[in-house]
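Q: The structure that follows is given in the form of structure tokens.
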Amino acid sequence: MERLTGGFDLPGLNRRVLDSLTSDFNYVGIACSLIVFLFLWISFGRIELACLAFLPMLIGWLWILGIMQLLDIRFNIVNIILATFIFGQGDDYTIFVVEGLISDYRKSVRSGHPVHRTLVSYRRSILLSALIMFIGIGSLILARHPALHSLAEVTIVGMGVVVLMAWIVPPLFFDWLVSHDNSLRVYILKGE
């Protein structure tokens, strides 16, 4: 019978699990991003609209990582799972904004004057959803437990960024896209 020598300490074990999760997280993140992009492309039917919906997520993720680095917020076992949820929220927010832009564009062309009702309604819904998340999980910033505190940090940074990206990026590029691509304009107007 062979005897085991040495042992393990809980912080060392946590570090090894986090290292494993982080390396797997990068792979899973890239794979999931490609799958999300593929589904956006299938759903919208045009690569331009898929890129328009995917771009805020890509920019937002880079901003989140940059802000976390500047504020010295580290991923841990708990908040790395929340980060994927925030990425999904950003995906949903962007899809709503792109759908609102498409709907309002159709109504604007048909009526002959600018219409922004759908986009305004969707933006209110996004703001309400983000506010609930800020209050629910962001309030944990007052927690003394490091894992709970880190959940709040990731939530505050992540939700702030994904809301801003969803609100700013798609409208910025949508008008340019429809004014420069006649086939996209026809596609949007035809698809009711």
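Q: Which ³J(HN,Hα) values, rounded to whole Hz and listed in residue order, are derived for the range 40-46 from phi using the Karplus coefficients 6.51, -1.76 and 1.60 in 6.51 cos²θ - 1.76 cosθ + 1.60 with θ = phi - 60°, glycine and proline given as x?
A: Taking θ as phi minus 60°, the curve returns 4, 4, 5, 5, 7, x, 9 Hz for the range 40-46.
Q: Tell me, what is the 1.4 Å probe accessible area of PHE37, in Å² to the nearest 10?
A: 50 Å²
Q: May I ask you to order 129-137, 101-109 by the average number of other C-beta atoms within 10 Å around their residues, highest value first? Walk me through the numbers on the way to the answer.
A: On the way: 129-137: 15.2, 101-109: 18.2.
Top of the packing list down: 101-109, 129-137.
Q: Taking all protein chains in place and a 1.4 Å probe, what share, in percent, of the accessible surface of the range 92-192 do carbon and sulfur account for?
A: Values: 3840 of 5670 Å².
Carbon and sulfur atoms account for 68 percent of the accessible area of the range 92-192.
Q: Still on this structure, I have one more. Taking Cα Rg over 2.2 N^0.38 Å straight from the coordinates, which label in (1) 1.28; (2) 0.95; (3) 0.91 is the correct one?
A: So the calculated entry is the one marked (1).
Q: May I ask you to evaluate 6.51 cos²θ - 1.76 cosθ + 1.60, the Karplus curve with θ = phi - 60°, for each residue of the range 174-187 and list the ³J(HN,Hα) values in order in whole Hz, giving x for glycine and proline?
A: Once rounded to whole Hz, the list reads 4, 4, 5, 4, 6, 7, 9, 10, 5, 5, 5, 4, 4, 4.
Q: I would also like to ask the following. Convert each backbone phi in the range 79-93 into a coupling constant with the Karplus relation 6.51 cos²θ - 1.76 cosθ + 1.60 (shift: θ = phi - 60°), then list the ³J(HN,Hα) values in order as whole Hz, x for Gly and Pro.
A: Calculated HN-Hα couplings, in order: 7, 5, 6, 5, 4, 5, 5, 5, 4, x, 4, x, 4, 4, 4 Hz.
Q: A further question follows. Given a 1.4 Å probe, how much area per residue of the range 133-192 is accessible, in Å²? Please report the intermediate quantities before stating the final value.
A: Numbers: 3300 Å² over 60 residues.
For the range 133-192, the solvent-accessible area averages 55 Å² per residue.
Q: In percent, how large is the relative contact order of the range 99-150, given Cα pairs closer than 8 Å and 6 or more residues apart?
A: Values: 25 pairs, mean separation 11.7, N = 52.
This gives 23 percent for the range 99-150.
Q: Let me ask you something else. 222 nm [θ] for the chain, helices only, -39500 (n - 2.57) per DSSP H run of 4+, per residue, to 500?
A: Rounded to the nearest 500, it is -29500 deg cm²/dmol.
The values are calculated or read from the model by the stated rules, or taken from the named source; none is laboratory data. As the structure is a prediction and not an experimental result, all values here were calculated from the model. Note: ideal-geometry Cβ built from the backbone for every residue, glycine included; neighbour counts use all protein chains shown. Accessible surface areas use protein heavy atoms only, side chains included; no ligands, DNA or RNA. Shrake-Rupley method; radii C 1.70, N 1.55, O 1.52, S 1.80 Å.
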